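Engineer: If you scroll down you'll find the structure; I have some questions about it.
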Amino acid sequence: MGHRELWSWLGATVLGCVLVLFGASRAWVRILEPGVAAPTGAELSPVLTPVALAALAGVVAVLATKGAGRRVVGALVALCGAGAAAGTWTALGGDTVTGLLREQNVLRGAAEFPWEAAPLWPAVTAAGAVLVIAGGIVAIVRGGRWAGMSARYDRGTETGAGGGANRGAGKARAEVKDDRALWDALDRGDDPTDSR
């Protein structure tokens with residue numbers, strides 16, 4: 001159950017990040033005057049791409065951490081989603097679009113360019129932001145039950161009645177001592193591969 005939940009969370013949260021990135025790369029308005037390039041969501045709201053990439057990094061960090069660290073990272077992922085939602089909301093403000101169009105087309109000398117919103121891509125971006133927020137909240141609430149990437153390598157775990165993990169740790173310590181002896185021989189100027 002835990003693994004299925006983790007993989008479902010991973011898929012939904014990564015999908016949310018990808019939707020924000022893809023939606024932000026598309027044109028969010030239609031310009032009603034020929035020859036004027038329509039701005040993308042990332043141009044209207046420069047915060048969208050960085051927060052989506054930060055959320056993707058947070059997804060990896062959630063997989064690599066556990067306990068309180070995982071909850072903190074989950075909160076950061078949720079904040080990234082909230083930043084994407086806020087960026088989506090503010091991007092289509094009339095002043096934002098008009099100001100950007102004026103800056104991009106300053107040589108044309110027009111004070112105003114008629115435009116209308118192209119609602120598909122802002123909606124896709126908003127849906128991605130909601131998925132990222134939900135993913136962060138789920139990581140905070142449920143993430144403590146998921147296995148971490150490093151769980152199988154924790155020290156001091158017993159495997160079976162014979163303590164196989166302890167035997168493996170003892171063997172690793174012996175190999176470290178052997179390696180150290182090889183380096184010590186090299187430091188003295190001896191050839192540790194010479195069998196004489």
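Every read-out reported here was derived from the displayed coordinates using simple, explicitly stated rules and does not represent laboratory data. Because the structure is predicted, anything quoted here is derived from the model rather than measured. We place every Cβ from the backbone using ideal geometry, glycine too, and count neighbours over all the protein chains shown.
Engineer: Just the Kirkwood number for region 1-50, please: inverse of mean 1/r across all distinct Cα pairs, in Å, one decimal.
Structural biologist: Kirkwood radius, region 1-50: 12.8 Å.
Engineer: Long-range amide H contacts for Ala118: which residues qualify at under 5 Å (H placed 1.01 Å from N, peptide plane, sequence gap of 5 or more or a different chain)?
Structural biologist: Long-range HN contacts for Ala118: Val29, Arg30.
Engineer: Give me the one-decimal nm value for the distance between modelled label points at Arg145 and Thr98, 7 Å along each residue's Cα-to-Cβ direction.
Structural biologist: If labels sit at Arg145 and Thr98, their model points lie 5.2 nm apart.
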